[in-house]
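The next block holds one structure in the form of structure tokens; read it before the comments.
The values are calculated or read from the model by the stated rules, or taken from the named source; none is laboratory data. This structure is a prediction, so every number in the text was calculated from the model and none was measured. Because the Cβ atoms are built from the backbone with ideal geometry, glycine has one as well, and the counts that use them run over all protein chains shown.
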Amino acid sequence: MSWEVLKGEKGDAERFIELLKGDPVFAFAIGNTKTAEVPGITVAGANPELIKFTPPADAELLHYGHCKIIPFPPATPDGKPTPALITYTALRTTGVPFFVVDSGLMTKPNIPYFDIAAPVGENIAEKPAMKIEEAKEAFERAKKLGEMLSRISDVLIIGESIPAGTTTAGAVLKAFGIKAAVSSSMPDNPVKIKEEVISKAVERVEGIDSSDPLDVVAAVGDPVMVGVAGMAIGSTKPVLLAGGTQMAAIAQIIRKLDEDTDIAIATTTYVAGDETADMVGISPDVPVIAADPMLGNSSKLGLRAYAEGFVKEGVGAGGATLLAYARGMSSKEFLKEVERSYYEVVESKM
């Protein structure tokens, strides 16, 4: 089967899949946190200097099929391609409309985008991620955007891109009292580095009034959390959070802010199978669906790496894969199209 329910009732998951057959809209929230500057914490960029360009480059790839802000698609240091390639393929083949949201970028993409005026996130090991006033103002703007996008959709799909986002997710979960076993873009999850950053962040804000989740996010989270949670709560339609353990943390934020928001999570089977993470355990009581892009069957070495534990998720890849399947593509057809995208975006430029 090309997808499976990891958590929740199968009927609830199937309801979201039916909605994907109607008129979905994909929103892509992108931002930066200086937590990504901690050595060894992320490989979301070919080198540390390029990390800040990863989110806008991902957004440009979705729009154009290539990047403008940098001359090549985002990749790991050894050349594993960005998961934006998977999402680009799903959006290209389904024709579903999508919108990019600046949720705290260091560098702006060369595309049309919405801007919720969120600040760039600070290094949470050293200082609060954001000023609480800035976080709450950006949250309110994101709510308005979510409401607007939901007027033209049956279901709002939200993806994200923020290097080191699994670390800030772990910090928010720990501040909420939830065991923070989060995923990584590397097969060898740098758990020790993440735990050191998370411990410093949470110790620094011990005694924070966690009755207001946005206070916690402003202290130890990141600006993309603000944008995604705001859009989800503002939406008048069901919301599919497309991502891995970062979206699980955001789902916890959403549940603490509004118990009635209709949400589900769609991730990849690569996150679901990550033994260093606990996708089911850290998710709140919402449907969690894992879609399999079948990249392990690819003839392309860079794509097969996903099935070997590299990258795993990002840019809404799991939700985008589920979208393609819901709208009638077989796993073989989708893999063929992803390989076509890989050739056009990556191989033909080598």
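In this structure, Val345 does satisfy being more than 21 Å from Ile157 (Cβ to Cβ) and crowded, with 18+ Cβ neighbours inside 10 Å. Quick one: how many residues across the stretch 309-326 are of a type outside the set (Asp, Glu) and in a loop (DSSP other than H, G, I, E, B)? Residues in the stretch 309-326 being of a type outside the set (Asp, Glu) and in a loop (DSSP other than H, G, I, E, B): 7 in total.
The sole residue among Gly121, Gly40 that is within 30 Å of Glu140 (Cβ to Cβ) and touching a helix residue (DSSP H, G or I) at 6+ places or on another chain (Cβ under 8 Å) is Gly121.
Regarding the stretch 169-187, can at least one residue be identified that is closer than 15 Å to Gly227 by Cα, among the polar types (S, T, N, Q) and within 17 Å of the chain's Cα centre (by Cα)? No; the residues of the stretch 169-187 include none that is closer than 15 Å to Gly227 by Cα, among the polar types (S, T, N, Q) and within 17 Å of the chain's Cα centre (by Cα).
Can we say Thr42 is of a type in the set (Ser, Thr, Tyr) and part of a helix (DSSP H, G or I)? No. Within the stretch 18-67, restricting attention to residues that are modelled with pLDDT of 85 or more, in contact with a Lys or Arg (Cβ under 7 Å, 6 or more places away or on another chain) and not basic (Lys, Arg), the residue that is farthest from Ala320 (Cα to Cα) is Asn32. Scan the stretch 103-117 and give yes if some residue there is over 20 Å from Leu156 (Cα atoms), at pLDDT below 95 and of a type in the set (Val, Ile, Thr), otherwise no. No - not one qualifying residue is present in the stretch 103-117. Scanning the stretch 8-22 for residues being over 21 Å from the mean Cα position of the chain (by Cα) and not in a helix (DSSP H, G or I) gives a total of 3.
Counted as qualifying within the stretch 190-308 are the helices (runs of 4 or more DSSP H) with 3 or more residues that are surrounded by 19 or more Cβ atoms within 10 Å (Cβ to Cβ), namely 191-204, 213-220, 223-234, 245-257, 269-272, 301-307. Among the residues making up the stretch 59-75, those that are of a type outside the set (D, E, K, R) and outside any loop (DSSP other than H, G, I, E, B) are Ala59, Leu61, Leu62, His63, Tyr64, Ala75. Can you tell me which residue among Ala117, Ala125 is surrounded by fewer than 17 Cβ atoms within 10 Å (Cβ to Cβ), in contact with a Lys or Arg (Cβ under 8 Å, 6 or more places away or on another chain) and among the hydrophobic types (A, V, I, L, M, F, W, C)? It is Ala117. Considering (1) surrounded by fewer than 24 Cβ atoms within 10 Å (Cβ to Cβ); (2) among the small types (Gly, Ala, Ser); (3) touching a helix residue (DSSP H, G or I) at 6+ places or on another chain (Cβ under 6 Å); (4) in contact (Cβ under 8 Å) with a residue 40 or more places away in the chain, the lone condition that Ala320 does not fulfil carries the number (1). Annotation: Ala138 fulfils all but one of (1) in contact (Cβ under 8 Å) with a residue 24 or more places away in the chain; (2) over 21 Å from Val220 (Cα atoms); the unmet one is (2).
Out of Ser331, Ser299, one residue alone is hydroxyl-bearing (Ser, Thr, Tyr) and either at pLDDT 95 or above or under 25 Å from Asp258 (Cβ atoms) (or both). It is Ser331. Considering only residues that are part of a helix (DSSP H, G or I) and aliphatic (A, V, I, L, M), look in the stretch 327-338 and name the one that is surrounded by the fewest Cβ atoms within 10 Å (Cβ to Cβ). If we take residues in the stretch 327-338 being part of a helix (DSSP H, G or I) and aliphatic (A, V, I, L, M), then Leu335 is surrounded by the fewest Cβ atoms within 10 Å (Cβ to Cβ).
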